Amino acid sequence: MSVIVLAEHTQGSFKKKTFEAIQYANHIAGQLNTTTTAVVLGTVDAANLEQLGAYGAQKVLHVADSKLDNLSARAYAKALASAAEKEGAKVIVALHDVTGKAVAPRLSARLKAGIVAGAVSYPDLSTGFKVKKGVFAGKAFAFVNINTEVKVITLMPNTFAVQKGEGVANVEELSVSFDNKDFSIQVQEVNKVTGTVPLAEAELVVSGGRGMKGPENWPALEALADALGAALACSRPVADSHWRPHHEHVGQTGGTIRPNLYIAVGISGAIQHLAGVNGSKTIVVINKDPEAPFFKAADYGVIGDALEILPRLTTAVKKFKEAQH
Amino acid sequence: MKILVCISQAPDTTTKIAFSDNNTKFNTAGVTMIINPYDEWYALVRALELKEAGTASSVHLITVGKQDAEPVIRKALALGGDEAIRIDTESHDPYVVAAEIAAYAANEKYDLILCGKESIDYNNGVMGGMLAELLDMNYVGFATKLDLADSVATVSREIEGGEEIDKAPLPLVVSCQKGMAEARIPNMRGIMAARTKPLKVVAASGIAALSEIVSYDLPPVKTGVKMFAPEDMDGLVNALHSEAKVI
């Protein structure tokens, strides 16, 4: 018996969310009185693999096949199923991100293992295996009980704080036989947006709405984001008016984010927008309308014109950052 | 080239969410049900575009739901599509939905199956991937663009911090999101035509759920917003640092 966790990497290096997934898996392993095995697919250095021990992986199963350097949902699901069988896994953890959401459902259907997609809690074992997840685009939570012996969980990134501990993982190579079908999707082109913090994994987000009055005013928002090291987001009307690209749209029909800090500038806070961001730990609302519904969902508020307040806030952030050094 | 589009119904995006029966049931009283926006705006409209371009020969719509799902599937037919199938059961377990659709689709030999990236009510985003596994098909999730030529799809999909363009041989399952197509409004001719389009009701295969929702909860209400004067941005920054501990 064990808990296994898909340890995602980007060209051989691990990100914080992977450590979070391992730590989460290890917490469940503790609840079940068993051990944690991280499964790493593709090319990663041995030293990097061992460091996963510091986040709770006692063992790493490494499938070193370089064909796995790019995501193939079929091949990843097959490799995880093979690792699960080898380890007698009772719980399989992945992240609720683009990779996890491609692989976990295939794995769940393949093993007929029930899934909780987008978990935000550890399982409650007092009445079965009950895990909390967001539903209605963040407007509510559901407690989902998994009925099957093997369980699959995708963890919503940025749910738990990551703490580095001690420990070196025991690395074991695993060989999995693939066939051509597993790699029948060919990657033609990869276009990465460089120089900015990806929105989905950003800890700090600065977001603009119609109160910004027009795309020409965005440099003021960008200046604040730069000062904070934050990612940029926007409301739906802003994306629909093509003031900003669609991938920045957060809300019920855009992206759902849960950063540590969400600063909403000139966004009134329609229910659809709140749905996409109310998982944020701290919300700051800047709006000239004191009746804006967003203030009810905010931790901190400033009433005033966005374009007057933004430079002041940026200056205050810069002053604070300099004092920190 | 046969396309199947998976449609689910979901509460209108302006719905205030409430629960009944000791927080075990979603309270549908006064709630307007709509076509799940990802299924409608992106999956369905892209399928219709492919048919209009002559790439696809037929577009079928499928939903897993009881009779109360029929207005929504009729509304989808008003946008377009040749026929609809309703599998007569309902479940919040994504495996049941995927396996019921797979059981039907296995005999129909669809070349392309489109669905939304997730439903806006249960937000799992796993149905498409499960369906692909059960039908032994390829799967591209979170696609923003889809074109077809010679039984190969060119699909752009979201990846961390950017996009990837893939060539994927058919048969294929694609989950769709923003960028795939522009939302349409059904016209009167479409609404009239939808009334007479075939809507086939199929008995469920009776697949057992792998999971169940036991209860719901609403997020904690914020206890009150702390206001700062526009002149006091140092105070706000200080609070974000020492009180909220986020910077």
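Every number in this text was worked out from the coordinates using simple rules, so none of it is lab data. Bear in mind that the values here come from a model prediction, so they are computed numbers and not experimental data. So basically every Cβ, Gly included, is an ideal-geometry build from the backbone, and we count neighbours across all protein chains shown.
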Students often check this: by mean Cβ neighbours within 10 Å, which of B:2-9, B:114-121 ranks highest, and how do the rest follow?
B:114-121, B:2-9
How long is the gain from B:ASN107 to B:SER242 if the chain were fully straight, where each residue apart is worth 0.36 nm and the alpha carbon distance is subtracted?
42.4 nm
Considering every residue in A:277-284, what mean count of other chain Cβ atoms within 10 Å of its Cβ is obtained?
3
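Using a Förster radius of 45 Å, what is the FRET efficiency between B:SER20 and B:ASN187 based on their Cβ-Cβ separation? Nearest 0.05, please. Spell out each step's value before the answer.
Values: r = 38 Å, r/R0 = 0.84.
Working from the Cβ atoms, E equals 0.75.
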List every residue whose amide H lies under 5 Å from the amide H of B:LYS25, counting only residues 5 or more places away in sequence or on a different chain, with H placed 1.01 Å from N in the peptide plane.
B:SER20
Can you give me the long-range amide H partners of B:LYS226? Hydrogens built in the peptide plane at 1.01 Å from N, cutoff under 5 Å, separation of 5 or more residues or another chain.
A:TYR300, A:GLY301
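Mind checking A:145-153 for the average number of partner chain beta-carbons within 10 Å of each residue's beta-carbon?
Details: counts 6, 4, 6, 5, 0, 1, 2, 3, 0.
Per residue, the average neighbour count from other chains is 3.
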Tell me the mean residue ellipticity at 222 nm calculated for chain B from its helices only (DSSP H runs of n ≥ 4, each -39500 (n - 2.57), averaged over every residue, nearest 500).
-6500 deg cm²/dmol
Shape call for the protein assembly as shown from the C-alpha gyration tensor, a ≥ b ≥ c root eigenvalues: rounded (a/c under 1.5), prolate (a/b greater than b/c) or oblate?
oblate
Along Cα→Cβ, 7 Å out, is where each label goes; now give me the distance between the ones at B:GLU52 and A:ASP69 in nm to one decimal.
4.2
Gaussian network model of chain B, Cα springs within a sub-10 Å range: biggest mean-square fluctuation belongs to which of B:GLY235, B:GLY161, B:GLY179?
B:GLY235
Using the C-alpha atoms of region A:199-324, what convex hull volume per residue, in cubic angstrom, is computed?
91
Scalar couplings 3J(HN,Hα) for region A:119-130 by Karplus 6.51 cos²θ - 1.76 cosθ + 1.60 (θ = phi - 60°), nearest whole Hz, x for Gly and Pro, are 5, 10, 8, 6, x, 9, 8, 5, 10, x, 9, 10
Can you list the residues, at least 5 places off or on another chain, whose amide H is less than 5 Å from the amide H of B:SER119, using H built in the peptide plane?
B:ASN124, B:GLY125
For A:ASN147 and A:LYS288 in the same chain, what is the full-extension length gain: residue separation times 0.36 nm, less their Cα-Cα distance, in nm?
45.7 nm
Apply the Karplus parameterisation 6.51 cos²θ - 1.76 cosθ + 1.60, with θ equal to phi minus 60°, to every residue of region A:201-215 and state each ³J(HN,Hα) to the nearest whole Hz, in sequence, with x for glycine and proline.
10, 6, 8, 10, 9, 10, 10, x, x, 4, x, 7, 6, x, x
Hits among lysines - C-alpha to C-alpha of A:LYS151 under 17 Å, sequence gap 8 or more where chains match:
A:LYS78, A:LYS86, A:LYS90, A:LYS101, A:LYS112, A:LYS130, A:LYS132, A:LYS133
Hey, which of these cross-link pairs are over 19 Å Cα-Cα: A:LYS16/A:LYS164; B:LYS75/B:LYS200; A:LYS16/B:LYS117; A:LYS318/B:LYS222; A:LYS139/B:LYS178; A:LYS17/A:LYS319?
A:LYS16/B:LYS117; A:LYS318/B:LYS222; A:LYS139/B:LYS178; A:LYS17/A:LYS319
Averaged across the residues of A:108-119, what count of C-beta atoms belonging to other chains lies within 10 Å of each residue's C-beta?
6
Structure-based [θ]222 nm, chain A - -39500 (n - 2.57) summed over DSSP H runs of at least 4, per residue, nearest 500
-8500 deg cm²/dmol
Ordered by residue, what ³J(HN,Hα) values in Hz, to whole numbers, does region A:312-319 give under the Karplus form 6.51 cos²θ - 1.76 cosθ + 1.60, where θ = phi - 60° and Gly and Pro are x?
5, 5, 4, 4, 5, 5, 4, 4
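Over region A:2-183, what is the relative contact order in whole percent, taking alpha-carbon pairs under 8 Å and six or more residues apart?
After rounding, I find 28 percent.
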